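The values are calculated or read from the model by the stated rules, or taken from the named source; none is laboratory data. The shown structure was predicted, so the numbers you read here are calculated from the model rather than taken from an experiment. Positions of Cβ are generated from backbone atoms using ideal geometry, with glycine treated the same way; all protein chains shown enter the neighbour counts.
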Amino acid sequence: MIRAVIDTNIIISGLFWRGLPKQVFEAVIEGRFVALTSQALLDELYDALNQNKFAANFAAIEMTADRFMNRYGTIVEQVESSEVPFDVIRDPKDRAVLGCAIGGNADCIVSGDKDLLVLKSYEGIPILTAAQFLQRLEET
């Protein structure tokens with residue numbers, strides 16, 4: 001089974017909107033692959049979801065950030081992150097994604113973040129768009 005780190009931007013887009021990120025998010029829920037996370041990524045997701053700009057989105061799906069995080073924590077595998085050098089990527093926050101992928105022995109990373117996508121891979125782990133990942137998932 002594929003082991004993949006799903007970046008926060010894909011999770012949030014998949015939770016609140018339609019499109020390819022939603023299909024990735026639904027595949028997480030359906031257990032079609034092992035979704036990996038780390039404490040740093042969980043913290044980033046929690047902080048992002050608690051922004052006021054998502055209050056109406058949560059109301060529309062009759063959910064709260066806390067309830068979502070509790071449920072999300074039961075369907076992902078939390079791993080210990082590996083250290084990633086500071087000079088690998090422009091945005092230091094993206095180091096958490098790379099560290100989770102290394103620490104979790106991921107097969108790929110799924111992101112919509114251009115800073116990550118431009119790398120194409122890190123330590124042999126491909127960095128894929130939602131479309132690329134869904135195609136790979138269908139092929140397995």
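Can you say whether G104 is surrounded by 11 or more Cβ atoms within 10 Å (Cβ to Cβ) and either at pLDDT below 95 or out of contact with any strand residue (DSSP E or B) (no Cβ under 9 Å at 6 or more places or on another chain) (or both), as far as the supplied structure shows? Walk me through how you get there before you give the answer.
Numbers: surrounded by 11 or more Cβ atoms within 10 Å (Cβ to Cβ): yes; either at pLDDT below 95 or out of contact with any strand residue (DSSP E or B) (no Cβ under 9 Å at 6 or more places or on another chain) (or both): no.
Spelling it out, it is not the case that G104 is surrounded by 11 or more Cβ atoms within 10 Å (Cβ to Cβ) and either at pLDDT below 95 or out of contact with any strand residue (DSSP E or B) (no Cβ under 9 Å at 6 or more places or on another chain) (or both).
Of all residues in the stretch 10-25, those satisfying the criterion of being of a type outside the set (A, V, I, L, M, F, W, C), surrounded by fewer than 17 Cβ atoms within 10 Å (Cβ to Cβ) and over 16 Å from R136 (Cβ atoms) are R18, G19, K22. Scanning the stretch 10-61 for residues being over 20 Å from K114 (Cβ atoms), outside any helix (DSSP H, G or I) and of a type outside the set (S, T, N, Q) gives a total of 9.
If you scan the stretch 29-58, which residues turn out to be buried (at least 21 other Cβ atoms within 10 Å of the Cβ) and either of a type in the set (V, I, T) or more than 14 Å from the chain's Cα centre (by Cα) (or both)? Within the stretch 29-58, T37 is the sole residue that qualifies. Filter the stretch 65-93 down to the residues that are at pLDDT below 95, touching a helix residue (DSSP H, G or I) at 6+ places or on another chain (Cβ under 7 Å) and assigned to a loop (DSSP other than H, G, I, E, B), then identify the one that is surrounded by the most Cβ atoms within 10 Å (Cβ to Cβ). The residue in question is V84.
If I ask for residues that are touching a strand residue (DSSP E or B) at 6+ places or on another chain (Cβ under 9 Å) and over 13 Å from R71 (Cα atoms), which ones from the stretch 26-41 would you list?
A27, F33, V34, A35, L36, T37, S38, Q39, L41
When the stretch 108-128 is filtered for residues that are within 13 Å of the chain's Cα centre (by Cα), crowded, with 18+ Cβ neighbours inside 10 Å, in contact (Cβ under 8 Å) with a residue 24 or more places away in the chain and not in a helix (DSSP H, G or I), the ones remaining, listed by number, are C108, I109, V110, S111, D113.
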